[in-house]
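Take a look at the structure below.
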Amino acid sequence: MLKIDHPQVYIYSYQLSSKSKTDVDSIWTWANSIWQYFSLDKTKVFSQANLSYPLTKPNKLEHSNQIDGSLRFCRIDDSEGILARIGSPETDENKDLEVAALTQFNVNNLLVADSHENWLGQTILITYKSKTYQQPSDNDFRKVADECLKHLFPEESVRPPFYRDTKLFDSPMFEYSSPKSQVQVFVYLVDDDIEGKLGKIVQPLFELFYHRHKITKAFIDSRRNYDLLKERYLEIEQTIEKLEAKITEVSRIELSTGVDSRQSINIDESLKYLKTKLKELLRESLNYERALECLEDFNNTINIHVYNYQEKLLQISDKLQIPTDDLTTFKSI
């Protein structure tokens, strides 16, 4: 049976700020659900009023001897972010835990926020420690990572697919994600030194994941918008074809000799038809132009946040006094 020490689950969750005065269908509903389940203090209710920049001080959760955690909040640009931690306190009784213990961190699938209109996504970082005398192979690390994911997310539909394995600070890290998913999961073997490094970059790492989700969300929306553009273009094409056919029909009537009253009526009806179709073409062209502008906006959003993402990587490397090549785990968005 696979065993790990002091597992921790960090959930970085983001949404666009909403003008709505209610927190229904938002990460605030999600945060309060976590607090109500894991905290002994049931009186607190979190909302946008708790936001600040940078991240707030931790609101500590005390669930049991096996589970504690915290919630922190942050406003970034036009968005809101919450950093939740659920984990095992570093006590002797929380060593040599079976990986299956992670199931207790996610009762009723509490850790994944419900998708809604303003939701940007979540990055979930699962960290654990291991006995120093153990010398597992890379394959063993992958088995641990897969089991961590399996037990933290018992519902298979929630789990993102395996994407790649890398190393961060010379320790194995496994990523589960896809370009079309707004949920990204890392499983990472850490030690005291790595925990110290992660502690130094809490804010820039939180912002790094934020920029990643802004890019992902804009990409997903742009694909939907691209499909809409194709539909709009097809509508314009079909309208133009109908116009051309009607214009040809009118021209043929006008060129024919001895136009009678019945043909004159046909011409009048055809002209009315052409007038109607021209109005439709104008409306469809405007819809196409708006959809094209939206696609350009998504492209601009992606470019802006790719730049910001790279800037955060530089900030992290400066803060830790390491070359950016040591952060290859995060270089691929």
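For Lys230, go through the aspartates and glutamates and keep the ones whose alpha-carbon is under 20 Å away, minus same-chain ones fewer than eight residues off.
Asp221, Glu241, Glu280, Glu284, Glu289, Glu293, Glu296, Asp297
For helix 202-255, what angle does its Cα long axis make with the longest principal axis of the chain, in degrees from 0 to 90 and rounded to 10?
10
So which of Lys143/Lys180; Lys3/Lys214; Lys44/Lys180 end up more than 28 Å apart by C-alpha?
Numbers: Lys143/Lys180 25 Å; Lys3/Lys214 36 Å; Lys44/Lys180 35 Å.
Going by Cα-Cα distance, Lys3/Lys214; Lys44/Lys180 fall outside the 28 Å limit.
For the range 154-198, calculate the relative contact order in percent as a whole number, restricting contacts to Cα pairs under 8 Å that are 6 or more residues apart. Show your work: numbers first, answer last.
On the way: 56 pairs, mean separation 13.1, N = 45.
The value is 29 percent.
Straight-line reach from Lys42: which lysines have a Cα under 28 Å away, not including same-chain ones fewer than 8 places off?
Lys19, Lys21, Lys57, Lys60
On a 0 to 90° scale, report how tilted helix 138-152 is relative to the longest principal axis of the chain, with both axes built from alpha carbons and the result rounded to the nearest 10.
70
Using Cα atoms only, what is the angle between the long axis of helix 27-38 and the major principal axis of the chain, expressed in degrees (0 to 90) to the nearest 10?
Its long axis makes an angle of about 30 degrees.
Would you mind pulling out the separation of the Cα centroids of the range 60-88 and the range 148-196, in Å?
So the two Cα centres are separated by 18 Å.
Within the accessible area of the chain, what % is carbon and sulfur when the probe is 1.4 Å and the other protein chains stay in place?
Working: 9060 of 18000 Å².
Accessible surface attributable to carbon and sulfur in the chain totals 50 percent.
Express the accessible area of the chain per residue in Å², computed with a 1.4 Å probe while the remaining protein chains stay in the model. Show your work: numbers first, answer last.
Details: 18000 Å² over 333 residues.
Per-residue accessible area for the chain comes out at 54 Å².
Mind ranking 114-127, 296-309 by how tightly packed they are, going by the mean number of other C-beta atoms within 10 angstrom, highest first? Kindly include the intermediate steps, with their values, before the conclusion.
Working: 114-127: 19.2, 296-309: 15.6.
Ranked by mean Cβ neighbours within 10 Å, highest first: 114-127, 296-309.
The values are calculated or read from the model by the stated rules, or taken from the named source; none is laboratory data. Everything numeric in this text was worked out from a predicted model, so none of it was measured. Note: ideal-geometry Cβ built from the backbone for every residue, glycine included; neighbour counts use all protein chains shown. What goes into the accessible areas is simple: the full protein's heavy atoms, side chains included, and nothing from ligands, DNA or RNA. Shrake-Rupley method; radii C 1.70, N 1.55, O 1.52, S 1.80 Å.
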